[in-house]
1. Divide the volume of the convex hull of the Cα atoms of the range A:13-99 by its number of residues and quote the answer in cubic angstrom per residue.
2. Looking at B:TRP76, B:PHE102, B:ASN53, which one has the Cα that reaches farthest to the positive end of the dipole of chain B (charges on Cβ: Lys, Arg +1; Asp, Glu -1)?
3. What ratio of Cα Rg to 2.2 N^0.38 Å holds for the range B:86-159?
4. So which GluC sites (Glu not before Pro) in the range A:6-50 end up in coil per DSSP with only 16 or fewer other C-beta atoms within 10 Å?
5. Measure out, as a whole number of angstrom, how far apart the alpha-carbon centroids of the range B:70-89 and the range A:68-147 sit.
6. With contacts defined as alpha carbon pairs under 8 Å and 6 or more residues apart, what's the relative contact order of chain A in percent?
7. Express the Stokes-Einstein translational diffusion coefficient of chain B in µm² s⁻¹, to the nearest whole number, given a Kirkwood radius over alpha-carbon pairs, 37 °C and a viscosity of 0.692 mPa s.
8. Taking 7 Å along the Cα-to-C-beta vector as the label spot, tell me the A:LYS93-B:ASP145 distance in nanometres, rounded to one decimal.
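Laboratory data are not the source of any read-out in this text; all were calculated from the coordinates shown. Since the model is a prediction, treat every value here as computed from it, not as a measurement. Positions of Cβ are backbone-derived with ideal geometry, glycine not excepted, and every protein chain shown enters the neighbour counts.
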Amino acid sequence: MGSLPDSVEVMIGKPLYRQMGSFEVERGYIYTSCSSVENANPLFWDDEVAKSLTGGLVAPPTMLSVWFRPHHWSPDQSEPQLPLQVHFDLKDKLGLPEAVMTSNTMTFYEPVRPGDRLTTEQVLRSVSEEKVTKLGTGRFWVIEVVYENQRGELVGVESYTGFGYSRASNSGGAR
Amino acid sequence: MSFESRVLGDTQVGDELDELVYLVTPTTVVLGALASRDYRPMHHDKDFAVNRNGVRDIFLNTPNQAAWFERYVTDWTGPAGRLGRMTFQMKGSVFPGDSMVFSGSVTSVEVDEVGCGWVTLAVTLTVGDEIKTTCEVKVALGVDDRDNPWERRGERWKP
């Protein structure tokens with residue numbers, strides 16, 4: 001209780017889990033995403049419009065994190081991988097079995113285009129003192145996920161605020 | 001060109017966006033989860049959602065909600081509208097059977113120091129009288145017919 005463990009303290013401000021996307025940004029997933037929300041924006045469906053406005057096809061900006069979620073299975077991984085690993089590291093290191101994301105800010109820079117190979121890293125910005133909320137007792141943390149393209153250009157930053165906690169009744173629950 | 005886009009002069013603080021109403025089905029939730037490559041069971045397995053999460057059904061995941069907000073905003077701006085920044089606050093889950101209502105209003109209209117036109121929108125996703133998610137969106141519009149936000153790079157793009 002009280003102060004942060006050293007193993008969490010050393011994570012703060014340090015780029016972690018630098019990782020290249022396992023495949024190139026591709027049109028099939030852009031269609032799947034647009035289809036799931038019935039997004040008819042011609043930027044994603046009409047090559048001529050995309051060419052005239054954006055100099056070629058682009059991906060919906062909000063798909064940033066989609067390019068990094070691991071496949072549910074692949075031959076070279078034995079355990080299911082978790083996106084936003086820092087979030088799960090914090091739950092483990094702080095012994096907080098439950099966690100929710102309370103807010104999420106995405107900032108968009110260079111457009112992401114089919115054929116791009118993106119790289120990401122995660123930076124833990126802060127961990128709060130212990131707080132008591134209606135969910136339980138725990139800590140808030142802020143994690144930034146930074147995305148670059150293959151030319152080293154910044155394409156986006158996601159900032160997540162998470163709250164890891166123990167329930168008063170300690171009856172298990174979701175990750 | 002076969003599309004129209006809003007420019008900055010078309011809008012002012014207090015303008016309301018047309019509502020978007022959409023009836024969520026289990027397919028909406030599962031399709032949205034798979035489209036965002038989110039395979040966690042509470043977005044496709046009702047038994048898990050009910051018995052592990054203690055909620056009444058599977059529910060929409062956050063990245064897919066982001067895609068819904070993007071669609072809602074760019075339906076209004078047209079394709080020249082370019083998202084700069086989105087901030088969400090999740091307040092409650094959206095389940096199959098819910099009728100999602102997206103609504104929004106313009107909270108600021110400005111031109112920044114590099115000449116980029118920005119509109120800030122306060123967007124909410126409600127079900128019945130319950131606010132499920134609020135989203136503040138900063139989106140760039142052309143300052144006139146000749147200005148295209150998508151051509152801005154580097155120092156000329158400050159989202």
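1. In the range A:13-99, the Cα hull volume divided by residue count equals 157 Å³.
2. B:ASN53
3. 1.40
4. Here the GluC sites (Glu not before Pro) that fit, given the DSSP loop and packing criteria, are A:GLU24, A:GLU26, A:GLU38.
5. Comparing the Cα centres of the range B:70-89 and the range A:68-147, I get a distance of 24 Å.
6. RCO, chain A: 27 percent.
7. My calculation gives 195 µm²/s for D.
8. Result for the modelled spin labels: 5.7 nm.
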